[in-house]
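The values are calculated or read from the model by the stated rules, or taken from the named source; none is laboratory data. Note that this is a predicted model, so its numbers are computed, not measured. We place every Cβ from the backbone using ideal geometry, glycine too, and count neighbours over all the protein chains shown.
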């Protein structure tokens, strides 16, 4: 079931708030995510860089790790936004797409710029033929 415009805007606002906590001293590319669970909770995440880039965690996976660690495993949507990408939309990377596919293949992915110009996809649209055991 598609989210309302108001709910999408609320998720984008939460994702924008999350960018304020991003730790991005190497790229200065700050990303925030807001994950909506089926029971209405919003889990925010930001990207956390590391000097060994492989240890960096994206905003989407930060939000998902927070949610799962709090007992939520069913989700309706996630919003992703960057405040350092101008008017360009910021999409989840390949690893994040696969991790999101594990939990929410048909949920909404809302990609937005800081001015609330956004597009909506499902995880499956962003990762067709995602891997599943």
Are any residues in region 1-54 modelled with pLDDT under 95, farther than 21 Å from residue 74 by Cα and in contact with a strand residue (DSSP E or B) (Cβ under 9 Å, 6 or more places away or on another chain), and if so, which ones?
-> none
Hey, does region 56-75 have a residue that's in contact (Cβ under 8 Å) with a residue 40 or more places away in the chain, part of a strand (DSSP E or B) and either within 15 Å of the chain's Cα centre (by Cα) or surrounded by 23 or more Cβ atoms within 10 Å (Cβ to Cβ) (or both)?
-> yes
Condition set within 16 Å of residue 127 (Cα to Cα) and in contact with a strand residue (DSSP E or B) (Cβ under 9 Å, 6 or more places away or on another chain), scope region 81-96, selection surrounded by the most Cβ atoms within 10 Å (Cβ to Cβ): answer is 96
Output the qualifying pairs, or none if there are none: Cβ atoms under 9 angstrom, residues six or more apart or on different chains, first residue in region 81-105 and on the phi > 0 side of the Ramachandran plot, second residue assigned to a loop (DSSP other than H, G, I, E, B).
-> 86/113; 86/114
Counting only residues that are within 20 Å of residue 17 (Cα to Cα) and either surrounded by 14 or more Cβ atoms within 10 Å (Cβ to Cβ) or modelled with pLDDT under 95 (or both), region 97-119 contains a total of 8
For region 14-33, enumerate the residues that are within 19 Å of residue 117 (Cβ to Cβ) and in a strand (DSSP E or B).
-> 31, 32, 33
Among the numbered conditions (1) more than 22 Å from residue 30 (Cβ to Cβ); (2) in contact with a helix residue (DSSP H, G or I) (Cβ under 9 Å, 6 or more places away or on another chain), tell me where residue 99 comes up short.
-> (1)
Of these, 36, 11, which one is touching a residue at least 24 places away in the same chain (Cβ under 8 Å), part of a strand (DSSP E or B) and either more than 12 Å from the chain's Cα centre (by Cα) or farther than 22 Å from residue 128 by Cβ (or both)?
-> 36
